[in-house]
């Protein structure tokens, strides 16, 4: 489905992260301020990719002096504030699939980059003392189906044989996995390093840092079009309902909505709705009996559920996948191509909660106030080759893009945003440290169009 995504819808539902940051003074920043007519750089999108890109620009010695950020809704209202709370690199599992889509060398680089990003996230949070409930921990891929058991073990062996670093990965056979994961039906489990966090608190903290460095944020100010200005010094005009801004630099940090302003990405960044839920634990999952790891409960490659239990308050966040067998056609239509994060699917919610209770039978009966508290949706930006588009937009000098994170933004953005800014400041792709396949190019778009 390659429909034009349009603008983010007004009044979306609130995630657990947005419900707990309603105090932020930046939510409606710039709503009543006068919009400047020009800027040295304009970042479109106030999620983590836009916020971190703006931060890197503001900290660059020869960077732009005036940086404006435009956000269509309230600050951090998109996918960054709606995820399932994971910062979980791919340790090996994607190696086989990425090798087929790209090649083994690039697959290795993609996985190495994600492992690096986990360390970059931790270093950034530690350096700036950001209070975002960041918890460096271990994670389990719990194998729940025979087909996935075969896929995962073959991918692990292929990754290892290709020279992949498996020193951080532990394999638990069925007996050990059942005991360690508390999942009686586990067929085995892989374990490696990951983290969980409060993404909206992280994003709001970066926005606050940017404001202290001089950035101006204008929320509820969607960029509706970008047109040539006719000026050689500021060749782009960004049009909004509140006025127009001319600038020499435009950064599209709009993820699923990238094609709204970059029609050449139509069909190559597909909006896809994801869903997650908050559960209040029963006594079996409280206090010293809380889960010690984060989880991906893997029934099949595209049928899984993510689970984290927050140390800050004990709440569980249960994410769903898009490959659940037996989904109604109506629900499938609500997922692919959907930009509607105002509503959620009762069918997905019922399946997720039912599956969670079946996987963890010790959950037991729920008292009033325990169990499902709320659910929410967010719009992912999916690409045909499973990697983001990063870099200068072909044939549009001065325009850059960082979008299409395939639901894996927290494992990629902290490497992509600094890399993008290095390019903007005159560096080469080699300076960025990103896998070559992340780069947007005319050749890549042509290749995808032919598939």
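The values are calculated or read from the model by the stated rules, or taken from the named source; none is laboratory data. Model, not experiment: these values are computed from the prediction. Note that we place each Cβ from the backbone using ideal geometry, even for glycine, and neighbour counts take in every protein chain shown.
For residue 239, the criteria (1) surrounded by fewer than 23 Cβ atoms within 10 Å (Cβ to Cβ); (2) within 30 Å of residue 332 (Cβ to Cβ); (3) touching a strand residue (DSSP E or B) at 6+ places or on another chain (Cβ under 6 Å) hold in every case but one, which is (2). When segment 131-144 is limited to residues that are in contact with a strand residue (DSSP E or B) (Cβ under 9 Å, 6 or more places away or on another chain) and not in a strand (DSSP E or B), the one that is surrounded by the fewest Cβ atoms within 10 Å (Cβ to Cβ) turns out to be 133. Among the residues of segment 179-196, is any free of Cβ contacts under 8 Å to residues at least 40 places away in the same chain, surrounded by fewer than 20 Cβ atoms within 10 Å (Cβ to Cβ), farther than 30 Å from residue 28 by Cβ and not assigned by TED's automatic domain parsing to the domain that holds residue 262? Yes, segment 179-196 contains at least one residue that is free of Cβ contacts under 8 Å to residues at least 40 places away in the same chain, surrounded by fewer than 20 Cβ atoms within 10 Å (Cβ to Cβ), farther than 30 Å from residue 28 by Cβ and not assigned by TED's automatic domain parsing to the domain that holds residue 262.
Every residue, every condition in (1) over 23 Å from residue 258 (Cβ atoms); (2) outside the structural domain of residue 233 (by TED's automatic domain parsing); (3) modelled with pLDDT of 95 or more, yes or no:
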| site | (1), (2), (3) |
| --- | --- |
| 1 | no, yes, no |
| 5 | no, yes, no |
| 8 | no, yes, yes |
| 11 | no, yes, yes |
| 22 | yes, no, yes |
| 25 | yes, no, yes |
| 28 | yes, no, yes |
| 35 | no, no, yes |
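Kindly indicate whether residue 61 is in the same structural domain as residue 225 (by TED's automatic domain parsing) and more than 21 Å from residue 342 (Cβ to Cβ). When the stated conditions are applied, residue 61 passes them.
Restricting segment 233-255 to residues that are free of Cβ contacts under 8 Å to residues at least 60 places away in the same chain and not in a loop (DSSP other than H, G, I, E, B) leaves a set whose member that is nearest to residue 442 (Cα to Cα) is 237. Per the listing 292, 343, 254, 336, the residue uniquely surrounded by fewer than 17 Cβ atoms within 10 Å (Cβ to Cβ) and under 17 Å from the mean Cα position of the chain (by Cα) is 336.
No other residue among 230, 214 is over 20 Å from the mean Cα position of the chain (by Cα), free of Cβ contacts under 8 Å to residues at least 40 places away in the same chain and either surrounded by fewer than 21 Cβ atoms within 10 Å (Cβ to Cβ) or not in a helix (DSSP H, G or I) (or both) apart from 230. State all residues of segment 439-448 that are out of contact with any helix residue (DSSP H, G or I) (no Cβ under 7 Å at 6 or more places or on another chain) and touching a residue at least 60 places away in the same chain (Cβ under 8 Å); if no residue qualifies, say none. Correct list: 448 only. Scanning segment 261-298 for residues that are within 17 Å of residue 316 (Cα to Cα) and part of a helix (DSSP H, G or I) turns up 283, 284, 285, 287, 288, 289.
Considering segment 275-298 alone, what residues qualify as being over 15 Å from residue 181 (Cα atoms) and touching a helix residue (DSSP H, G or I) at 6+ places or on another chain (Cβ under 7 Å)? Across segment 275-298, the qualifying residues are 275, 277, 278, 282.
You will find that of 223, 258, 208, the residue that is outside the structural domain of residue 337 (by TED's automatic domain parsing), in contact with a helix residue (DSSP H, G or I) (Cβ under 7 Å, 6 or more places away or on another chain), under 30 Å from residue 421 (Cβ atoms) and assigned to a helix (DSSP H, G or I) is 258 and no other. Residues that are in contact (Cβ under 8 Å) with a residue 60 or more places away in the chain, in a helix (DSSP H, G or I) and closer than 15 Å to residue 416 by Cβ do occur in segment 122-130. Filter segment 55-74 down to residues that are in contact with a helix residue (DSSP H, G or I) (Cβ under 7 Å, 6 or more places away or on another chain) and closer than 17 Å to residue 240 by Cβ and give me whichever is surrounded by the most Cβ atoms within 10 Å (Cβ to Cβ). So, considering only residues that are in contact with a helix residue (DSSP H, G or I) (Cβ under 7 Å, 6 or more places away or on another chain) and closer than 17 Å to residue 240 by Cβ, the one surrounded by the most Cβ atoms within 10 Å (Cβ to Cβ) is 69.
Just one residue in the set 426, 398 is surrounded by fewer than 23 Cβ atoms within 10 Å (Cβ to Cβ), over 21 Å from the mean Cα position of the chain (by Cα), in contact (Cβ under 8 Å) with a residue 12 or more places away in the chain and over 29 Å from residue 91 (Cα atoms); that residue is 398.
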